[in-house]
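A.B. asks: This is the structure I want to talk about, given as structure tokens.
The values are calculated or read from the model by the stated rules, or taken from the named source; none is laboratory data. The structure displayed is predicted, hence computed values, not measured ones. In this analysis, Cβ positions are derived from the backbone assuming ideal geometry, glycine residues included, and neighbour counts consider all displayed protein chains. Quick note on the areas: whole protein, heavy atoms, side chains included, nothing else; ligands and nucleic acids left out. Shrake-Rupley method; radii C 1.70, N 1.55, O 1.52, S 1.80 Å.
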Amino acid sequence: KGTIFCICDEEGEIAAYTTGLDLHGFVISKDREAYKALLIASSIYVREHDPMSEGICFHLLGNVYPDLLDWMFNEARLKIMEMTTLMAKGGPVPRVPLGAEMVYSPSVTY
């Protein structure tokens, strides 16, 4: 927890990163494949370095990314630790452009 983590693409550029593997960190990726790779790699890293850990924590906006939610449950076999509701003054969050490939998972301090 509290670990900054990133993955790079074939060209060596950052494809996805998180500012922390807990609910205070956020995740940004250039596309869904990079997001999946970050979650898998960071989960493996945490399990290898702290076998007693409960795992990584992050928010995923299921109404914005239903395909990722489906992947998490049916393919990656990830588990929900806690369901929360993200509320923000001023309207729905985040405002992801329609058809955008990038993925944004906000922190609890959004």
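A.B. asks: If residue 11 satisfies every condition in (1) more than 15 Å from the chain's Cα centre (by Cα); (2) open to solvent by less than 80 Å² (accessible area, probe 1.4 Å); (3) at pLDDT 90 or above but one, which is the exception?
C.D. replies: (2)
A.B. asks: Additional query: Name the pairs: first residue in segment 64-90 and in a loop (DSSP other than H, G, I, E, B), second residue modelled with pLDDT of 75 or more and β-branched (Val, Ile, Thr), Cβ to Cβ under 7 Å, at least 6 apart or on different chains?
C.D. replies: 65/103; 76/40
A.B. asks: Do we find that residue 54 is open to solvent by 50 Å² or more (accessible area, probe 1.4 Å) and over 20 Å from residue 82 (Cα atoms) in this structure?
C.D. replies: So residue 54 does not fit the description; no.
A.B. asks: Can you report the number of residues in segment 20-39 which are modelled with pLDDT under 90, open to solvent by 30 Å² or more (accessible area, probe 1.4 Å) and either more than 12 Å from residue 104 (Cα to Cα) or not in a loop (DSSP other than H, G, I, E, B) (or both)?
C.D. replies: Matching residues across segment 20-39 total 3.
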